[in-house]
Amino acid sequence: MESPTKDILIRDIAKYGGETVTIKGWVYNRRNSGKKLAFLQLRDGSGTIQGVAHVNEMPEEEFQSAAAVTTESSAIVIGVVKEDKRAPSGFELTVTGFELVGEGSNDYPIQPKEHGVDFLLDRRHLWFRTERQRAILRLRDRTIFYLRDFFNKDGFTCIDSPIITGSACEGTSTLFELDYFGRPAYLSQSGQLYVEPACMALGSVYCFGPTFRAEKSFTRRHLTEFWMLEPEVAWQTQDGNIDLQSRMIKSVVGRILENDAELIEQIHARQGEDSGEETAEEVISRLEKARDEKFIRLTYDEALKELERLGEPLTWGDDFGAPHETKLTEEYGVPVFVERWPAKIKAFYMQPDPDDDTYVQCDDLIASGGYGEVIGGSIRIHDSELLLKRIDEHKLDRRAFQWYLDIREYGTVPHGGFGLGLERLVQWLGGVHHIRETIPFPRTIKRLEP
Ligand code: 4AD
Ligand code: MG
């Protein structure tokens, strides 16, 4: 087929009104009307458009091929761009040429009907092509871009931490162990131990990469492989750490609302009534509140009193469960920082509270709308003797932490940071009920393929 015209992307269609163009993409749906007319729904990754193929407008053979094309076939389509007020993009394509490239199938596994989630996850490689999944993947990409941009503008340096490590950061119960040439090693649970030395060299740093937890939890918030962004700042204070977290979240939310609200619409466009999800309007108004209003700060003890009052009591020293997190944020409608937790339920590296060392200087940020903890942060112990004591109390191997203790031996300073779970943030930003849709290829206890 001759293709004398320009290859264009569907997203640029408005620039080509009246012109003949070439679109390379996939036919995600087709409907014929009689023997002479076929409507092709085309997608090219940048957008979607309807192509109208009429036998009089194109070579007979090419029309026959278009009129018989199967679902998800790839094709090169030539046509004239026509303005059409009823079309979602405002344009449609009068097809003048059609070349089938890769045959699809009328038995394409994913049909526009309800499929069970396991069925879809087994076909994750194809599920990507649906509007909702494309929108979630884009939202994830935009979120990463805005986060990196925020830290770049705030003067942070990105430091990559290793994935294969010799030391446990977040307790020994969720480690994935490897045989590293005859000695044990682990997949990293957190890059924190490595950004701590880096902040002593560069001031403000962050790492961003995959982290791993052998979590035996089947919840809508747990993956075994997830991405974490972990800033670390020399001379950091508890108030400074909270302020950084709050500014970061507000900055990302503001930019998503400004530039990407249509992704939220697309995520929720075909929502069933019993999906259990918020509507796009509800997601947007929740995000507007987070952008415009101050986040709440409570100590753990204050949160316990609130929970008692709200009818979801908790014993001092217990960690929050999903119902507690939901209750607290329902009450305020904005994200809530819970600070100053009992030392005994937090990690070994957290700095004791200056007034009472049964508590530590730390925070969890609980997202609004029932999405749970999105951030865990703290000030770190900077005294090497105290840190050594904690390592022993937690029955960790001193030798594996020698280098980590070493940074406390040479010009130690108070410092602190936090870990933001990317997929939990994307869940909250998009109003996505289950975390497994927010990562391209989710890994959970039972899922390793595709
Ligand atoms: O609260 P966590 O365990 O904190 C740390 O790992 C610190 N070392 C971070 C730091 O201070 N640099 O994890 C941080 C965040 C959680 O708040 C949550 O958003 C996410 O990581 N997260 C998970 N996300 C998905 N699946 C899991 N299994 C997760 N575990 C933690
Ligand atoms: Mg945590």
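The values are calculated or read from the model by the stated rules, or taken from the named source; none is laboratory data. Not measured: the values here are computed from a predicted model. No Cβ is skipped: glycine too gets one built from the backbone with ideal geometry, and neighbour counts run over all protein chains shown. The protein model used for the area step is the full one, side chains on, heavy atoms only, and it has no ligands, DNA or RNA in it. Shrake-Rupley method; radii C 1.70, N 1.55, O 1.52, S 1.80 Å.
Return yes when Ile164 is open to solvent by less than 50 Å² (accessible area, probe 1.4 Å) and either over 22 Å from Gly377 (Cα atoms) or out of contact with any Leu (no Cβ under 6 Å at 6 or more places or on another chain) (or both) and no when it is not. So Ile164 does not fit the description; no.
As a summary of the residue check, Ala322 satisfies the conditions (1) more than 22 Å from Arg247 (Cβ to Cβ); (2) surrounded by fewer than 21 Cβ atoms within 10 Å (Cβ to Cβ); (3) over 23 Å from the mean Cα position of the chain (by Cα) except for the one numbered (3). In the set Leu328, Leu405, only one residue is in a helix (DSSP H, G or I), assigned by TED's automatic domain parsing to the domain that holds Met248 and either closer than 26 Å to Leu223 by Cα or in contact with an Asp or Glu (Cβ under 8 Å, 6 or more places away or on another chain) (or both); that residue is Leu328.
Quick one: would you say His433 is in a loop (DSSP other than H, G, I, E, B), in contact with an Asp or Glu (Cβ under 7 Å, 6 or more places away or on another chain), open to solvent by 30 Å² or more (accessible area, probe 1.4 Å) and assigned by TED's automatic domain parsing to the domain that holds Leu139? Criteria met by His433.
Annotation: of all residues in region 49-91 being among the hydroxyl-bearing types (Ser, Thr, Tyr) and without any contact (Cβ under 8 Å) to a residue 60 or more places away in the chain, the one that is nearest to Lys24 (Cα to Cα) is Ser74. Residues of region 379-399 that are open to solvent by 10 Å² or more (accessible area, probe 1.4 Å) and either part of a strand (DSSP E or B) or within 16 Å of ligand 1 (Cβ to nearest atom) (or both): His382, Arg390, His394, Leu396.
In a residue-by-residue description of region 383-391, the property of being within 27 Å of Ile249 (Cβ to Cβ), more than 16 Å from ligand 2 (Cβ to nearest atom) and at pLDDT 95 or above applies to no position.
Is one or more of the residues making up region 363-372 farther than 29 Å from Glu302 by Cα and part of a helix (DSSP H, G or I)? No, there is no match, as no residue in region 363-372 is farther than 29 Å from Glu302 by Cα and part of a helix (DSSP H, G or I).
Here the condition is being farther than 21 Å from Asp392 by Cα, surrounded by fewer than 23 Cβ atoms within 10 Å (Cβ to Cβ) and within 12 Å of ligand 1 (Cβ to nearest atom); of Gly376, Gly333, it holds for Gly376 alone. Considering only region 217-236, I want to know if a residue exists there that is open to solvent by 20 Å² or more (accessible area, probe 1.4 Å), more than 30 Å from Gln111 (Cα to Cα), assigned by TED's automatic domain parsing to the domain that holds Cys362 and within 16 Å of ligand 2 (Cβ to nearest atom). Checked region 217-236: at least one residue is open to solvent by 20 Å² or more (accessible area, probe 1.4 Å), more than 30 Å from Gln111 (Cα to Cα), assigned by TED's automatic domain parsing to the domain that holds Cys362 and within 16 Å of ligand 2 (Cβ to nearest atom).
Which of the residues that make up region 168-177 are part of a loop (DSSP other than H, G, I, E, B) and surrounded by fewer than 20 Cβ atoms within 10 Å (Cβ to Cβ)? Hits for region 168-177 are Glu170, Gly171, Thr172, Ser173, Thr174, Phe176. Just one of the numbered conditions (1) closer than 25 Å to Arg247 by Cα; (2) in contact with an Asp or Glu (Cβ under 7 Å, 6 or more places away or on another chain) is not true of Val374: (2). Under the condition of being out of contact with any Leu (no Cβ under 8 Å at 6 or more places or on another chain), farther than 17 Å from Pro450 by Cα and open to solvent by 70 Å² or more (accessible area, probe 1.4 Å), the residues counted in region 112-157 number 8.
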